[in-house]
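Asker: I'd like to ask you about the structure that follows.
The values are calculated or read from the model by the stated rules, or taken from the named source; none is laboratory data. Remember, it's a predicted structure, so these values are computed and weren't measured experimentally. No Cβ is skipped: glycine too gets one built from the backbone with ideal geometry, and neighbour counts run over all protein chains shown.
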Amino acid sequence: MYGLVLEGGGAKGAYHIGALKALTELKIKVSAVAGTSIGAMNGAMYVQGKLDLAYEYWNNISTEKVLNIDDQQLTDLFNLSVNQNNLFYFINKVKQVFKNKGLDNSFFQEILLDNIDEDLLRASSLDFAIITLSLSELKPLELFLDDIPAGKVRDYIMASAYLPAFKLQRIDGQLLIDGGFYENLPIKTLLKRGYNKIIAIRTYGLGKIEKKVDSEKEIIFINPSENLGRMLNFSQANARKNIKMGYYDTLKYFKHLQGNKYYLKLNQNEDYFLDFLLKINPDIKINLLKKFSYPEAPLQRSFLENLIPKLAEILDFDYPASYSEIVIALLEKLAAAEKIDRFQIYTFAELLDLVCQKNKPAESILYNKLPSFIKTSNFLPKQLQDDLLLDIAEKIFIKTGGRNADE
């Protein structure tokens, strides 16, 4: 049985929903939930057994529903695409915020009113805690259900999500704000309660994080494999992407999937990927070695001892990468360039086949036009590194024929 911790993060909370969906499908047993801010709200829905309903809210969310701000106008602002129309639009919105003494949080208030059943929460077999911070008493509040007065559970869950931008309210005479100012990932809240096995769903939201964790405890972190976007980006497209990411990132951990941005179920061992590299066409190996002014003979030794470590360096591995990690990272570069859906579980052969089917070699790769002394530099800009890696990946997977991947 695990304790489950949900980090705060505003709109990034969509990631929780995908992760919770995966945990449910995997039949991972949970005995306690602690959440901060949006983590408290999502946690309350999960504890009540209302995950499907929470999924519907997040899957159909929009910035206009949450903040009464047009999605496209906010996207333009985030992208610094400012014109006369959206400038006046936001000036008027700012005036409204000041007039109302904060952003309107009625959307979340309505969700809590319609969906948080205090009796159902208190009757649950799962322990449940939220984090908030009292401005009145200048102290944090780590509150389990038995710490919250009867009839006040909705209020305190909402208080946990009171960002300073939102209109604040007093509860029992106290002015409470978002719990992220005290602890945005309340692992220690459950540890102090005696839960020693924790699954922590990260969002990398703004807020304080307790970094000291007892090494004897079992803490599993589910980390986003890609940036989740801004805290106030409640656009439907961003929410749906983050739901999928939370789902597949969680499956990745518990099903031991490989890959960085893609999710691969490997049927091969490390020897297979070494053999894959050794079978690359000799002419291609020579061409690649020449790119970096490495000796061409003995061919296999120079390829493995010079080029492969160089690829690991360019791929930005900060540890001694295995052959499988290097090969998969290169294949992912091509898959991303071909816009192959990352939210699916592939075998290595399946992803390679898709890449080969869809590949359209770039007409002009800037890297190929550069002089050799720049190509071998350790300080290539990221765009040039990406061009270089795509060029190498095409040679390895496409020009070799892409058929080294026998199951």
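Asker: Given the condition surrounded by fewer than 19 Cβ atoms within 10 Å (Cβ to Cβ), more than 34 Å from the chain's Cα centre (by Cα) and either part of a loop (DSSP other than H, G, I, E, B) or among the aliphatic types (A, V, I, L, M) (or both), answer yes or no: does some residue in segment 298-316 qualify?
Answerer: Yes, some residue in segment 298-316 is surrounded by fewer than 19 Cβ atoms within 10 Å (Cβ to Cβ), more than 34 Å from the chain's Cα centre (by Cα) and either part of a loop (DSSP other than H, G, I, E, B) or among the aliphatic types (A, V, I, L, M) (or both).
Asker: Is segment 30-47 home to any residue that is out of contact with any helix residue (DSSP H, G or I) (no Cβ under 9 Å at 6 or more places or on another chain) and modelled with pLDDT of 95 or more? It would help to see each step written out before you state the result.
Answerer: Just the residues of segment 30-47 that are out of contact with any helix residue (DSSP H, G or I) (no Cβ under 9 Å at 6 or more places or on another chain), to begin with: 31.
Subsequent filtering for residues that are modelled with pLDDT of 95 or more retains 31.
Yes: segment 30-47 contains one or more residues that are out of contact with any helix residue (DSSP H, G or I) (no Cβ under 9 Å at 6 or more places or on another chain) and modelled with pLDDT of 95 or more.
Asker: Hey, any hits in segment 283-291 for a residue that's of a type in the set (A, V, I, L, M) and within 24 Å of Phe348 (Cα to Cα)?
Answerer: Looking through segment 283-291, at least one residue is of a type in the set (A, V, I, L, M) and within 24 Å of Phe348 (Cα to Cα).
Asker: Check whether at least one residue in segment 260-274 is surrounded by fewer than 16 Cβ atoms within 10 Å (Cβ to Cβ), touching a Ser or Thr at 6+ places or on another chain (Cβ under 9 Å) and under 18 Å from Pro224 (Cα atoms), and report yes or no.
Answerer: The answer is yes, given that some residue of segment 260-274 is surrounded by fewer than 16 Cβ atoms within 10 Å (Cβ to Cβ), touching a Ser or Thr at 6+ places or on another chain (Cβ under 9 Å) and under 18 Å from Pro224 (Cα atoms).
Asker: Which one of Ala54, Ala40, Ala14, Ala19 is over 21 Å from Pro140 (Cβ atoms), part of a helix (DSSP H, G or I) and touching a strand residue (DSSP E or B) at 6+ places or on another chain (Cβ under 6 Å)?
Answerer: Details: Ala54 fails: touching a strand residue (DSSP E or B) at 6+ places or on another chain (Cβ under 6 Å); Ala40 fails: over 21 Å from Pro140 (Cβ atoms); Ala14 fails: touching a strand residue (DSSP E or B) at 6+ places or on another chain (Cβ under 6 Å).
Just one listed residue meets the conditions, Ala19.
Asker: Hey, another quick one. Can you tell me which of (1) polar (S, T, N, Q); (2) surrounded by 15 or more Cβ atoms within 10 Å (Cβ to Cβ); (3) at positive phi is the one Ser293 doesn't meet?
Answerer: With respect to (1) polar (S, T, N, Q); (2) surrounded by 15 or more Cβ atoms within 10 Å (Cβ to Cβ); (3) at positive phi, Ser293 is out only on (2).
Asker: Pick out the one residue from Tyr262, Tyr294 that is under 15 Å from Thr347 (Cα atoms) and out of contact with any Pro (no Cβ under 9 Å at 6 or more places or on another chain).
Answerer: Details: Tyr294 fails: under 15 Å from Thr347 (Cα atoms).
Answer to the check: Tyr262.
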